[in-house]
Amino acid sequence: MSNINLKITGMTCEHCVRAVTKALEGVPGVEKADVTLTPGEAVVHGQASTAALIAAVKEEGYEAEGRG
């Protein structure tokens, strides 16, 4: 299992955090997603592609980018 770090922008409340978490955990290969409002990051545990994770976040109305 690997970890993928994402920078998430556009989240303003805990509802946003839950929506992003649900979207990320719905991507095949994701075992768990830890999303924080401040500083707007997600650590995704599993074997999903970064592109698929970013697409899932964008589909929810937020922006995401991979972090090295």
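Brief remarks follow.
- Of the criteria (1) assigned to a helix (DSSP H, G or I); (2) surrounded by fewer than 14 Cβ atoms within 10 Å (Cβ to Cβ); (3) not aromatic (F, W, Y), which one N3 fails: (1)
- Filter pass, T9 being open to solvent by 60 Å² or more (accessible area, probe 1.4 Å), in contact with a strand residue (DSSP E or B) (Cβ under 9 Å, 6 or more places away or on another chain), within 16 Å of K58 (Cα to Cα) and β-branched (V, I, T): yes
- Any hit, the range 47-54, residues being among the hydrophobic types (A, V, I, L, M, F, W, C) and touching a Lys or Arg at 6+ places or on another chain (Cβ under 9 Å): no
- Across the range 43-54, the qualifying residues are those that are out of contact with any Leu (no Cβ under 9 Å at 6 or more places or on another chain) and not in a strand (DSSP E or B), and the one among them that is surrounded by the fewest Cβ atoms within 10 Å (Cβ to Cβ) is A51.
- Of all residues in the range 15-27, those satisfying the criterion of being open to solvent by less than 50 Å² (accessible area, probe 1.4 Å) and either part of a loop (DSSP other than H, G, I, E, B) or in contact (Cβ under 8 Å) with a residue 40 or more places away in the chain (or both) are C16, A19, V20, V27.
- Subset of the range 28-42 (residues that are among the aliphatic types (A, V, I, L, M) and in a loop (DSSP other than H, G, I, E, B)): L37
- Within the set V57, V30, the sole residue that is open to solvent by less than 60 Å² (accessible area, probe 1.4 Å), closer than 18 Å to M1 by Cα and among the β-branched types (V, I, T) turns out to be V30.
The values are calculated or read from the model by the stated rules, or taken from the named source; none is laboratory data. Not measured: the values here are computed from a predicted model. For neighbour counting, all protein chains shown are included, and Cβ atoms are generated from backbone atoms with ideal geometry for every residue, glycine included. Keep in mind that these areas ignore ligands, DNA and RNA; they rest on the heavy atoms of the full protein, side chains included. Shrake-Rupley method; radii C 1.70, N 1.55, O 1.52, S 1.80 Å.
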